[in-house]
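Taking it in order: structure first as structure tokens, then the write-up.
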Amino acid sequence: MREGGIAFEDVGFSYWRGKEGAVMESFNLSIRPGEKVGLVGRSGAGKSTLVNLLLRLFDVEAGSIRIDGQDVREVTQESVRAAIGLVSQDTSLLHRSVRENIKYGRQTATDEEMIRAAEQAKVAEVIEGLLDPRQRRGYDAHVGERGVKLSGGQRQRVAIARVLLKNAPILILDEATSALDSEVEAAIQEQLTSLMQGKTVIAIAHRLSTIAAMDRLVVMDAGRIVEEGTHAELLARGGHYAQLWERQSGGFLDLDTKVDAAE
């Protein structure tokens, strides 16, 4: 699993087996190796479910998900997740040192590689200033249960450093910069762009401006694809995506507004 091609083939899934209300039915999506895809849709559209199925947090009930032609159910969860780097909006860290948390991405990495990843994620200065109750400093300082000694933005930058160090062929960005202020986000955006080079990327963001430059945008609603294309193509079409774009306030998606299908 080193090229990063992904195929969802006639996928069916429900969180409640044997009950009505499937989250996905006959869902199909192919992502080429190295392609950058943004997932768009209001809450409940199925974006996170798609990611959860790819990570094998759940197994599909029908159809299959393949990475480089291999059905993910036929390989170990460890090998699937080794091929995927994830930065999510809900970043929790291990109650260990900063060093262990970053090297969790690649435990064989050197300290020099770890520090370089922290610098790229714009978190090295924060780490160098850390001091825990046992007087451990910097990369040796412990971050507390779920990383409570760090702010949400700092935890997210540590997670980005971990993914930079892991260097997996598939990258999932699930609201990857949601906990960052605009100044820090702008500072690491260049590094995220660099991180995406040569990788297959699936990005979820309510702030549509952060994914508008993706190779392809896939607009989801109720577990199905309703539109796909580039930012410019979808705006010109005047459908779901164009309405979502227009309804943003300050660059954020109005999640409480249900978008009706374009006539």
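Just so you know, all these numbers are worked out from the coordinates, no wet-lab data involved. No experiment lies behind these values; they were computed from the predicted model shown. All Cβ positions, glycine included, derive from the backbone under ideal geometry; neighbour counts span all protein chains shown.
The residues 210, 230, 200, 108, when put in order of fewest to most other Cβ atoms within 10 Å, stand as 108, 230, 210, 200. Assuming charge only on the beta carbon of Lys and Arg (+1) and of Asp and Glu (-1), the dipole of the chain about its Cα centre is about 800 debye to the nearest 20.
Taking every DSSP helix (H) stretch of at least 4 residues in the chain, weighting each as -39,500 (n - 2.57) and dividing the sum by the residue count yields a mean residue ellipticity at 222 nm of -8500 deg cm²/dmol.
Using a cut-off of 22 Å between Cα atoms, the listed pairs 47/103; 122/166; 36/103; 166/199 include 47/103; 36/103 as exceeding that distance. Just to be sure I understand: with springs between alpha-carbon atoms less than 10 Å apart, which residue in 43, 64, 79 has the highest mean-square fluctuation in the Gaussian network model of the chain? Checking each option, the largest mean-square fluctuation is seen for 79. Comparing mean-square fluctuations of 95, 206, 240 from a GNM of the chain with C-alpha springs under 10 Å, the top value falls on 95. Remark: the stretch 212-218, residue by residue, has Karplus-estimated 3J(HN,Hα) of 4, 8, 5, 4, 8, 10, 10 Hz, where x stands for each Gly or Pro and the curve is 6.51 cos²θ - 1.76 cosθ + 1.60 at θ = phi - 60°. When only alpha carbons are used to place a centre, the stretch 42-95 and the stretch 145-180 end up 17 Å from one another. Among 129, 63, 34, the largest mean-square fluctuation in a Gaussian network model of the chain (Cα springs under 10 Å) belongs to 129.
Can you tally the net charge around residue 237? Count Lys and Arg as +1, Asp and Glu as -1, for every other residue whose Cβ sits under 11 Å from the Cβ of residue 237.
The answer is -3.
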